[in-house]
Amino acid sequence: METDLKEFIAGLPKAELHVHVEGTLEPDLEFACAQRNHIDIGAKTVSDIDHSYGYGLEEFLKAYYTGMKVLRTEQDFYDLTWAYLQKMAHSSVKHVELFFDPQAHTSRGVSFAAVITGIHRAIVDARALGVDTQLIMCFLRDFSKESAWQTLLAAEPYREKGWLTGVGLDSAEHHNPPLKFMLVFAKAKSLGYQLTMHCDPRQVDSVAHIKEALEVIEVDRLDHGTNITEDPDLLDYLLKQDLGITVCPIAYYYTRQNMELTAIKELFARGAKVSLNSDDPAYKGDTYINDVYYRFAQEAHWGKDELAQIAKNSFTSSWLSVEAKKAYLKQVDDYVKANN
Ligand code: ADE
Ligand code: ZN
């Protein structure tokens, strides 16, 4: 019975809409990059690299920003992205909307061009594996709004080439509300970007931040945002707008020992377009998307029907064209018919 559900998940066509490429940096590549870039990370072997951390978002972010310091060249960003997309090709992930954090690299003296060119080359190569990827550039909310403006400007040549689909907002949330970036997001919208934004669970002012993201920024999708269930009117608004909401239950478990099970089940039961995602798999117990589906299903007592609906939500709340969505939804239906 257990193997049956695991096998079902392994073959289920799905999209991943919330994953940070830097959060997929596994110790083996981290070690290799440190060696070839002559960076001392205090590890003599791969097994000396420890991705564990204490409790909460800030503790996780410390480990995340420390790990990525080994990424310096275009090839490093290629290898990072390629390793993740290869895994997705073997996980029946057909479509990825991938976050990256340019300021976390440009602030260390790495050029924007090296970061985005390396990532983009891997995206192009992964098309041959059947994985179609769009890129979402996140602004670091604990950096200044001027820095976000500079990043938006630096991205222009690449947006013009069609390499970028959306902008997002991540990093340390306390004292860094969506409103701080209102004008940058308005400009991004006018340039044709899709908008999304992290509202991590259980932050100070979580509900207020969700409200700003939905009502002021007018995001096209919401990342995390599980505290919306505390505000029935706001939840009604999300449902009325039919907005996607990307949740990462195993990531919450690793950061806060809590999967937000009740909130996620409520969102699902109310018909919200909720999708299950990994967030930062290399920092969350090596839980890639199929592990997330399986572990959440066990916890929620969900079976194939619910997981198939989640997979459908992942496509309907993606930024794919109407035709592409239709084709992927048919793939899910056909798969369910053949495997029920
Ligand atoms: N950066 C990478 N993962 C993140 C998360 N879950 N929240 C905020 N910033 C992040
Ligand atoms: Zn995230």
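The values are calculated or read from the model by the stated rules, or taken from the named source; none is laboratory data. Just so we're clear, the structure is a prediction, and the values are computed from it rather than from any experiment. With ideal geometry, Cβ positions are generated from the backbone for all residues, glycine too; neighbour counts draw on all protein chains shown. What goes into the accessible areas is simple: the full protein's heavy atoms, side chains included, and nothing from ligands, DNA or RNA. Shrake-Rupley method; radii C 1.70, N 1.55, O 1.52, S 1.80 Å.
Ordering of 289-297, 55-63, 176-184 by packing is 289-297, 176-184, 55-63, highest average first (other Cβ atoms within 10 Å, averaged per residue). Span-like helix criteria (full DSSP H runs; alpha carbon extent of at least 20 Å along the helix axis; mean Kyte-Doolittle hydropathy of at least 0.5) are satisfied in the chain by 112-126.
If you find the alpha carbon centre of region 274-340 and of region 1-32, how far apart are they in angstrom? The distance from the Cα centre of region 274-340 to that of region 1-32 comes to 11 Å. Dipole of region 94-172 computed with +1 at Lys/Arg Cβ and -1 at Asp/Glu Cβ about the Cα centre; of SER107, LEU140, GLY130, farthest Cα towards the positive end is GLY130. The residue among VAL274, TYR293, ILE245 whose Cα reaches farthest toward the positive pole of the charge dipole of region 214-308, with charges on the beta-carbon of Lys, Arg, Asp and Glu, is TYR293. For region 181-236, carbon and sulfur atoms together expose 48% of the accessible surface, with a 1.4 angstrom probe and every protein chain in place. Summarising the label geometry, the points placed 7 Å from Cα in the beta-carbon direction at SER107 and ASP305 lie 4.7 nm from one another.
Listed by chain and number, the lysines whose C-alpha is less than 28 Å from the C-alpha of LYS337, apart from same-chain residues fewer than 8 away, are LYS6, LYS14, LYS87, LYS94, LYS265, LYS273, LYS304, LYS312, LYS325, LYS326. Within straight-line reach of LYS145, meaning a Cα separation under 30 Å, sit the following lysines at least 8 residues removed in sequence or on another chain: LYS62, LYS69, LYS161, LYS180, LYS187, LYS189, LYS211, LYS284. Net charge in the neighbourhood of LYS326 (other residues with Cβ under 14 Å of its Cβ; Lys, Arg +1, Asp, Glu -1) is +1.
Given springs between every Cα pair under 10 Å in a Gaussian network model of the chain, which of ASP132, ASP236, ASP200 has the largest fluctuation? Its mean-square fluctuation being the largest, the pick is ASP236.
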